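The values are calculated or read from the model by the stated rules, or taken from the named source; none is laboratory data. Everything numeric here is computed off the predicted structure, so don't read it as measured data. Here the Cβ positions follow ideal geometry from the backbone for every residue, glycine too, while neighbour counts run over all protein chains shown. SASA here: full protein model, heavy atoms, side chains in, ligands and nucleic acids out. Shrake-Rupley method; radii C 1.70, N 1.55, O 1.52, S 1.80 Å.
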Amino acid sequence: MAAADAFRALPSVDELLTRLAPLTARYPRSLVAEEIRRALDRARALIRAGKPAALDVEREVAAALEALARPSLRRVINATGVVLHTNLGRAPLGALTPIAGYSNLEYDLAEGRRGKRDVHAGPALERLLGAPAIAVNNNAAAVYLALAGLAGGAEVIVSRGELIEIGDGFRIPDIMRASGAVLREVGTTNRTHVDDYREAIGDRTRLIMRVHPSNFRIEGFTARPGAGELAALGRERGLPLYEDLGSGCVADLRGFGVDEPLAGASLAVGVNLVSFSGDKLLGGPQAGILAGDAALVGQLRRHPMFRALRLDKLIVQALEETARRLVLEQYDAIPALRMIRATATEIRARAEAFAAGIAGAEVIEGVSVIGGGSTPAQTLPTWLVALAGDAVKMEKRLRSSQPPVIARIENERVVLDLRTVFEGEEADLLRAASS
Ligand SMILES: *Cc1c(COP(=O)(O)O)cnc(C)c1O
């Protein structure tokens with residue numbers, strides 16, 4: 001009986017449309033009606049479940065329409081200290097004004113005729129790496145293109161210790177299968193020698209592949225030939241060596257505690273082709289860079305899949321900007337590099353000034369991490385602002401502030417690492433942390 005009454009008490013769609021007239025003035029009427037129907041369905045389900053409409057249909061409709069109108073992808077403040085945070089878009093982009101109208105994307109201004117989009121980021125990348133370079137959507141696409149273009153239908157030799165999974169479905173054996181290349185595994189998980197590669201070379205071999213085991217380390221009784229040794233074997237047997245470097249460090253960051261292989265160093269010891277991500281240690285947008293011998297790069301540039309994997313103009317602009325800054329050694333203009341290069345002393349000074357504005361906050365020693373699958377074993381010393389109060393509630397409140405603040409909890413306290421917070425974000429962060 002109670003349920004029947006509750007069903008009857010529900011207003012009709014038309015009644016609600018009349019009551020919600022202010023909403024139909026702001027949103028398409030059909031959209032409002034659709035949200036009303038959904039809210040009424042939810043109300044009926046609640047009644048059937050014996051929880052007679054604890055639901056405020058009108059408020060729900062208004063909230064649903066507001067959510068539809070609000071951008072889903074938003075800026076957040078990254079106070080985690082993870083520089084290349086996979087969930088927060090990896091390398092943060094600096095101030096870049098996207099070209100709003102037309103551009104000379106594929107137009108040669110000097111000659112007044114059709115050009116190629118490669119000419120924008122390509123020359124700066126070539127200067128950085130010392131070899132011709134092209135770019136595709138991401139490094140997964142670069143690996144795919146390299147395998148399909150250089151070894152489709154033939155064998156590629158890879159060490160068992162390098163058959164990695166990066167996360168979100170990127171596994172070397174799977175991408176190999178998808179590319180049409182045939183995986184020839186050699187060695188063991190912990191030890192592989194040059195002779196293992198040598199013995200596996202046969203009539204069907206087209207490529208030797210070396211993969212940087214980005215996000216894990218094999219320790220103990222291990223062996224892995226150097227890139228130079230493998231390159232020498234490749235030269236001896238007329239086979240190119242391709243190295244998937246993963247994070248692809250271009251600027252030397254060893255002085256800042258980051259010991260990642262340099263892309264240029266691999267090419268210098270004879271690796272014929274390298275690939276790496278644009279949004280890891282390069283500090284740019286999502287992209288996959290392929291660089292190396294002109295003949296190989298040209299072959300991949302002409303492959304039909306290159307067109308399917310090519311960069312959008314927004315990315316071309318951001319990648320060109322990043323590569324140009326790197327050539328000019330303007331490292332501080334690249335946010336990820338500026339963050340990595342910030343010293344603990346600098347961060348401590350910022351943290352102390354910041355903490356002074358928050359009751360109960362304390363500045364403590366801690367570590368930042370690079371993230372993005374780079375340098376899993378390496379951390380950067382930092383100073384954290386530890387907040388007083390219930391950590392779980394505080395973390396949630398920060399996350400729901402505007403802009404959202406993402407922080408971590410350590411020893412039952414919310415801690416903020418200013419390494420990954422832009423200076424211009426400190427006022428917003430202070431407001432969120434002290435409210
Ligand atoms: C990150 C990574 C990839 C995937 O790169 P995306 O740019 O994310 O597609 C591939 N290989 C290695 C070794 C990596 O570290």
Among the residues of segment 246-259, count how many are modelled with pLDDT of 90 or more and either touching a Pro at 6+ places or on another chain (Cβ under 6 Å) or at positive phi (or both). 1
Within segment 323-331, identify whether any single residue is within 16 Å of the ligand (Cβ to nearest atom) and more than 23 Å from His212 (Cα to Cα), and answer yes or no. no
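Using the structure shown, decide if Leu311 is within 21 Å of His212 (Cβ to Cβ), among the aliphatic types (A, V, I, L, M) and at pLDDT 95 or above.
No.
Of the residues Ala353, Ala333, Ala386, which is of a type in the set (A, V, I, L, M) and surrounded by fewer than 17 Cβ atoms within 10 Å (Cβ to Cβ)?
Values: Ala333 fails: surrounded by fewer than 17 Cβ atoms within 10 Å (Cβ to Cβ); Ala386 fails: surrounded by fewer than 17 Cβ atoms within 10 Å (Cβ to Cβ).
Checking each option against the conditions leaves just Ala353.
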Kindly evaluate Asn87 against the criterion of being of a type in the set (S, T, N, Q), within 16 Å of the ligand (Cβ to nearest atom) and open to solvent by 30 Å² or more (accessible area, probe 1.4 Å). yes
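Collect the residues in segment 351-395 that are part of a loop (DSSP other than H, G, I, E, B), among the hydrophobic types (A, V, I, L, M, F, W, C) and in contact with a Ser or Thr (Cβ under 8 Å, 6 or more places away or on another chain), keeping them in residue-number order. It would help to see each step written out before you state the result.
Step one: of segment 351-395, the residues part of a loop (DSSP other than H, G, I, E, B) are 356-361, 372-373, 387-390.
Checking the rest, the ones that are also among the hydrophobic types (A, V, I, L, M, F, W, C) come to 356, 358-359, 361, 387-388.
Within segment 351-395, Ile358, Ala359 meet the criteria.
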Go through segment 161-184 and report how many residues are under 29 Å from the mean Cα position of the chain (by Cα) and either open to solvent by 60 Å² or more (accessible area, probe 1.4 Å) or over 21 Å from Leu296 (Cα atoms) (or both). 15
Here is a list of conditions, (1) crowded, with 17+ Cβ neighbours inside 10 Å; (2) over 28 Å from Ser247 (Cβ atoms), and Phe422 meets all of them except one; can you say which number that is? (2)
Which of the residues that make up segment 396-435 are assigned to a strand (DSSP E or B), within 28 Å of Gly283 (Cβ to Cβ), over 23 Å from the mean Cα position of the chain (by Cα) and of a type in the set (D, E, K, R)? Glu410
For segment 98-113, enumerate the residues that are outside any loop (DSSP other than H, G, I, E, B) and out of contact with any helix residue (DSSP H, G or I) (no Cβ under 9 Å at 6 or more places or on another chain). Tyr107, Arg113
